[in-house]
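Visitor: First the structure, then my questions, so here it is.
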Amino acid sequence: MSPALSRRTVLQLAGAAALPLSSGLFDAAQAAPSGTLTIAYNVNLPSFDPTVGLSAVNPTIQSIYQSIFDTYVGQAPDLSFKPGLLTKWGWNADHTKITLELRKGATWHDGSPVTPEDVVWSLQRAADTKSGNPIQFVWSKVGNFKIDGNTITGDVLEFEPTLFKWMAFLTAFVLPKAYYEKVGAEGFEKAPVGSGPYKVDAFERNAFLRLKAHSGYWGAKPAFDTVVFKFVTDPTSRVAEIESGGSDVTFEIPYEEFDRLKAKPGLAGQTKPVSDIAMIFITDIDPMLDRNVRLAANHAIDKKAIVDRLLKGYGVPIATLEAPGYAAFDPTIKVTYDPELAKSLLAKSGFSPEKPVKFTIQTTRGFKPKDYEMIQAIVGMWRKVGIEARRRIAPGRARIWWNASAPCGVKRTRPSGSPAGRPSTNTSRMKAR
């Protein structure tokens, strides 16, 4: 595999962590050391355990987790499911039991075999309310596992139709039972062991992570012998990493910088639509209990103008939380930009530009390219129809969708290292209300 092709492959994978159109860069002219890929990464790694805490559901970190650990079920770029550590999975005829078949020959990074006991322990741990698994509400719906060779059966305690989709999604990682019980949570953080294509070689918190190829990996041979993640949270510094040749790949950079850098000799840039959907969500407090206000806020936003002017064309307007290619995508759902309709809806509830409805919108600033600027633009559009929104910046790039104190907030929803999206919503049809 040529260096350029290798970087392009990794770029496409890393690009899943970018905005509506992902943008990444690689330097094909300044060759990195043989077999080494260096990535200027936009977030830090808080924890190595991919199954507990908020880091387990942080979308951007999933690409690191999937490099070190294996999921129960894999997923291809075309959204189809494929074998992971499990080669077969399914229900019995009346959906009262599940059957899982463990892959033969998979090994942990310490050389020990991956066993059915590891799978059962991982599922039971994830189902435990004390484990801290954010998706415990899914994993707790199966139990009473039995092992026969490499076959695992379990009882369905509560039917969850998307169970196997979740097995390719957030927190769906198999961990080594014997090793974890030996070293404990603290020891696992110091020396994590997985079964994925790369194993941890060195780690300095808030600085870098160096991975080495796992020679015993059951799947295709990793493209690089060594992968280095430099944690570079400042976008200007990530641009400097690329220009100086300090890193081969980066993403989540300002759009203006992307256009500038891709025109430079020796640098190549790539954009590709990904289902990283920016949304404004509402809480169930006034004035968002008023349907007219909710609809007016929606119809007053000119998404195309935001994409064209702020995002430099690097985005795609969308009317639902499901992108094309998802099972739940419904092209018939349309939310038009219609400021006059917005005004008339607000008028029905007694509001106007002279007597606006007022609320606070909470947002991030610098977490994503142009995130704050987009909210500024939206607040301006709202003002014209009779909505006065006060902006509040979430401290420390907080995950503001956990904060219900503001009537309105910004959230990003997308596949977390997996293109499935949230399985429970990905497989259902959504209607605008």
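Visitor: On the phi > 0 side of the Ramachandran plot and modelled with pLDDT under 95: is that true of Gly313 in this structure?
Guide: Here the answer is yes, as Gly313 does meet what is asked.
Visitor: So Thr250 fits all but one of (1) touching a Lys or Arg at 6+ places or on another chain (Cβ under 6 Å); (2) surrounded by fewer than 18 Cβ atoms within 10 Å (Cβ to Cβ); (3) modelled with pLDDT under 95; what number is the exception?
Guide: (2)
Visitor: For region 83-114, enumerate the residues that are of a type in the set (D, E, K, R), within 12 Å of Trp218 (Cα to Cα) and surrounded by 16 or more Cβ atoms within 10 Å (Cβ to Cβ).
Guide: Hit for region 83-114 is Arg103, nothing else.
Visitor: Given the options Ala327, Ala296, Ala305, name the one that is part of a loop (DSSP other than H, G, I, E, B) and either within 15 Å of Ala342 (Cβ to Cβ) or not polar (S, T, N, Q) (or both).
Guide: Among Ala327, Ala296, Ala305, only Ala327 is part of a loop (DSSP other than H, G, I, E, B) and either within 15 Å of Ala342 (Cβ to Cβ) or not polar (S, T, N, Q) (or both).
Visitor: Then there's this: Do we find that Phe329 is of a type in the set (Phe, Trp, Tyr) and touching a residue at least 24 places away in the same chain (Cβ under 8 Å) in this structure?
Guide: So Phe329 does not fit the description; no.
Visitor: Kindly provide the set of residues from region 251-296 that are among the small types (Gly, Ala, Ser) and closer than 30 Å to Arg238 by Cβ, ordered by number.
Guide: Once the filter is applied, which keeps residues that are among the small types (Gly, Ala, Ser) and closer than 30 Å to Arg238 by Cβ, region 251-296 yields Ala263, Gly266, Ala268, Gly269, Ser275, Ala278.
Visitor: Among the strands (runs of 3 or more DSSP E) lying completely within region 150-232, list those that include at least 1 residues that are assigned by TED's automatic domain parsing to the domain that holds Ser112.
Guide: Where strands (runs of 3 or more DSSP E) fall fully within region 150-232 and carry at least 1 residues being assigned by TED's automatic domain parsing to the domain that holds Ser112, they are 151-156.
Visitor: Specify the residue that is modelled with the highest pLDDT; the eligible residues are those in region 43-57 that are surrounded by fewer than 22 Cβ atoms within 10 Å (Cβ to Cβ) and under 12 Å from Leu170 (Cα atoms).
Guide: Once the filter is applied, the top-ranked residue is Val52.
Visitor: A further question follows. Quick one: in region 330-365, which of the residues that are touching a Lys or Arg at 6+ places or on another chain (Cβ under 9 Å) and in a strand (DSSP E or B) is farthest from Asp290 (Cα to Cα)?
Guide: Only one residue fits best here, namely Thr363.
The values are calculated or read from the model by the stated rules, or taken from the named source; none is laboratory data. Only a predicted model underlies this, so the values are computations on that prediction, with no experimental measurement involved. Counting neighbours? That spans all protein chains shown, and the Cβs are built from the backbone with ideal geometry, glycine included.
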